[in-house]
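Structure, as C-alpha cells:
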Amino acid sequence: MDNTRAIHWADQTADKIIRERGDLPLYTCASGITPSGTVHIGNFREIISVDLVVRALRARGKQVRFIYSWDDYDVFRKVPANMPKPEELEKFLRFPITMVPDTFGRDESYARHHEVDVESVLPTVGITPEFLYQAERYRSGMYAEGMKTALNNRARIKDCLNRYRDEAHQIPEAEEYWPVSIFCNACNRDTTSITGWDGEWGLSYSCECGHSETVDIRSAKGVKLGWRVDWPMRWKYEKTVFEPAGKDHHSQGGSFDTARLVSKEIFDWEAPVTFRYDFIGIKGTPGKMSSSKGKVVDLPDILRVYQPEIARYLFAGTRPNTEFVISFDLDVIKIYEDYDKTERIAWGLEKAKNEEVYAKERRIWELSQVGELPTMASYQVPFRHLCNLLQTNDGDIDAVIASFGDVHPDQVERLQTRSRCAWYWITECAPEDFRFALRKDGSVATLGVNELTAVRKIRDEVLPKMDGVDEKGLSELVYAVAQEAGLEPKALFTAVYQALIAKDQGPRLASFMKIIGKERIASILASY
C-alpha cells in the first residue's frame with residue numbers, strides 16, 4: 001500500500017496514532033459495550049470503526065492488538081422490551097449482568113447470550129477481536145492495584161469529575177466520593193453504601209438488605225470501579241492507544257474529557273487517540289420480525305439484506321462523524337449499485353474521474369472486503385435485475401446462476417450470497433409493487449376484446465421471432481402489436497402483465513420477456 005498520502009479516514013487515523021504515540025512494538029486498539037440487551041447496529045459502528053483503523057495500522061506493518069471488552073460486570077438496570085419472560089428478569093434488577101439468567105434458555109447467563117450473538121456473527125464481516133470479559137477480570141483480582149490507586153486518590157478524582165461540571169451538577173465538597181461500587185455478597189445487588197477504606201486492601205460496606213462486612217479488594221467478588229474511572233484505569237492497564245466513542249461521550253466536557261483527565265492525572269496514562277462517531281438511522285423495515293415491540297436492528301438483520309462486503313462498505317465509505325441511514329426499502333438497489341461502481345473502479349473496469357478518485361474508491365473497496373482480497377472482481381449482476389431473475393425462477397438460486405453460463409468458480413460464492421440477500425429482500429422487505437410471481441396455475445386475466453386480441457398476437461406472432469431479436473427489436477415488435485390492435489402501448493403492457501403475473505405493471509416488458517423465455521410465456525398464454 002502506498003503510504004505517501006493517506007486518502008481514507010482510517011489511514012489518516014492510523015498515521016495520527018503513529019505520529020502521536022511513536023513507533024511502538026504493539027498498538028492496542030479498543031472497543032467495548034455493556035451486553036445489557038441486543039447489540040444493535042449503532043453499537044456495531046464502533047466495532048467496525050476500530051477494525052478499519054486496525055487494518056490501516058497493519059497495512060503499515062504494525063503489530064496490533066484489537067480488544068473488545070464486554071462490560072458484563074455492569075448493573076442490570078432495566079428489562080428491555082424484546083426479552084422473553086420479563087417477569088423473571090425483573091427479579092434480577094440491580095444484579096451484575098453476568099449473574100442474570102438467560103431467559104432464552106440457550107446460554108449460561110443473560111450477558112453471555114448477547115455476547116454469543118455478536119461473537120458468532122462478527123467473523124462473517126471479517127472482524128475477529130480478542131474478547132475481554134470484565135466480570136471475570138475484576139473477580140480474578142486483575143484490577144486490584146487500579147482500584148487501590150483510585151481509592152487512595154478519590155479526592156483528586158472528584159476534582160477531575162467536577163472540573164467540567166457546572167455548580168448544580170458537581171459532587172458537593174462535603175460529600176464523600178467513592179470511585180467504586182459494590183455488589184453485596186448476601187443479595188448480589190448494588191444497593192450498598194461504602195463505610196470505610198483502610199488505605200491498603202480492606203473495603204467496608206453495608207447493604208440495604210442488612211448485610212455488612214469488610215472485603216479484601218484483591219479477592220472480593222463484588223467490587224468494581226464506576227465507569228468514568230474504570231475506563232481510564234483500563235486504558236492504562238491495556239496500554240490502549242486508540243478508542244473511538246459516540247458523540248454523546250464526546251460532547252464538550254463530557255465523559256471522554258473527564259476520562260482523559262483521570263487517565264493522565266491519576267493513572268499517568270495519556271488518553272488514547274480517538275474520534276467521535278455519529279448515530280445511524282434506519283429506513284424501511286428489515287423484515288417481518290421488525291414490527292415486534294422492542295425489536296432493534298442488529299448485524300444479522302443487515303446481513304440478511306446486504307452481502308458482508310457491502311455491510312462493511314456502508315461504514316468504510318462514510319466518515320465516522322457523519323450520520324447516515326441504513327435502508328431496507330428501495331434504496332437497497334441504489335446501495336448495491338454504488339458498491340458495484342466502486343468495485344468496477346477498483347478493478348479498472350470503469351474509469352475514475354481522476355487518480356485521486358481512483359485511489360479513494362480502491363481503498364474503500366479494499367477495506368470493504370472480508371478476508372484476503374479476492375483474485376478477481378465479482379460477477380456483477382445489478383441487484384434489481386437479480387431480483388427479477390429470482391422471482392421469475394421462484395427463488396431458485398442455482399437455476400439463476402446456471403443461466404449466466406460464464407460465472408468463474410472464484411465468483412460463485414459471492415454471487416450465491418448476493419442472490420440469497422436479494423431473495424430475502426424481495427420476499428421480506430421490498431414494497432408490494434416490486435414483487436411478482438408468474439401465473440402457473442392456469443388462471444387467466446379478465447381482458448377486454450382488444451387486449452385479448454393483442455395478447456394472442458404476442459403469443460402467436462411475436463414469440464416465434466423473440467429469440468432472433470435483441471431487447472430493442474422485441475420492444476418494437478410489441479409496440480407494433482399495440483398499434484395493430486388499436487391500443488395505447490400502456491394498455492397493452494397492462495394486459496400482458498395481467499396475463500403473466502396478475503399485476504398492472506412489472507419490470508420493463510421486453511427485458512422481462514427475455515428473462516422469462518418464450519417457452520414459459522407460451523405455456524402461460526396458452527390459456528388465452
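Structure notes:
- Checklist (1) within 23 Å of Ile302 (Cβ to Cβ); (2) not in a helix (DSSP H, G or I) applied to Arg414, failing item: (2)
- Of all the residues in region 357-381, those that are modelled with pLDDT under 95 and either closer than 19 Å to Ile333 by Cα or charged (D, E, K, R) (or both) number 1.
- For region 464-485, a residue qualifies if it is of a type in the set (Ser, Thr, Tyr) and either in contact with a Ser or Thr (Cβ under 6 Å, 6 or more places away or on another chain) or more than 15 Å from Ser511 (Cβ to Cβ) (or both), but none of them does.
- Among (1) touching an Asp or Glu at 6+ places or on another chain (Cβ under 8 Å); (2) loosely packed, with under 15 Cβ neighbours inside 10 Å; (3) assigned to a helix (DSSP H, G or I) - the single one Ala437 does not satisfy: (3)
- Restricted to helices (runs of 4 or more DSSP H) entirely inside region 4-108, those with at least 2 residues that are crowded, with 21+ Cβ neighbours inside 10 Å and in contact with a strand residue (DSSP E or B) (Cβ under 6 Å, 6 or more places away or on another chain) are 41-59.
- Note on region 470-528: residues that are among the charged types (D, E, K, R), within 12 Å of Leu438 (Cα to Cα) and within 39 Å of the chain's Cα centre (by Cα) total 1.
- Of residues in region 98-135 being charged (D, E, K, R) and touching a residue at least 12 places away in the same chain (Cβ under 8 Å), the one farthest from Val54 (Cα to Cα): Arg112
- Residues of region 315-330 satisfying the condition of being under 19 Å from Arg304 (Cβ atoms) and assigned to a strand (DSSP E or B): Val325, Ile326, Ser327
- Residues of region 481-528 satisfying the condition of being in contact (Cβ under 8 Å) with a residue 24 or more places away in the chain and either touching a Cys at 6+ places or on another chain (Cβ under 8 Å) or not in a helix (DSSP H, G or I) (or both): Ala485, Gly486, Leu487, Ala502, Lys503, Gln505, Gly506, Pro507, Ala526, Ser527, Tyr528
- For region 97-133, a tally of residues being among the charged types (D, E, K, R) and over 21 Å from Thr28 (Cβ atoms) returns 6.
- Candidates Ser251, Ser219, Ser206 - the one that is surrounded by fewer than 22 Cβ atoms within 10 Å (Cβ to Cβ) and not in a loop (DSSP other than H, G, I, E, B): Ser206
The values are calculated or read from the model by the stated rules, or taken from the named source; none is laboratory data. What you see is a predicted model, and the numbers here were worked out from it, not measured in a lab. Every residue, glycine as well, gets a Cβ built from its backbone with ideal geometry; the counts of neighbours run over all protein chains shown.
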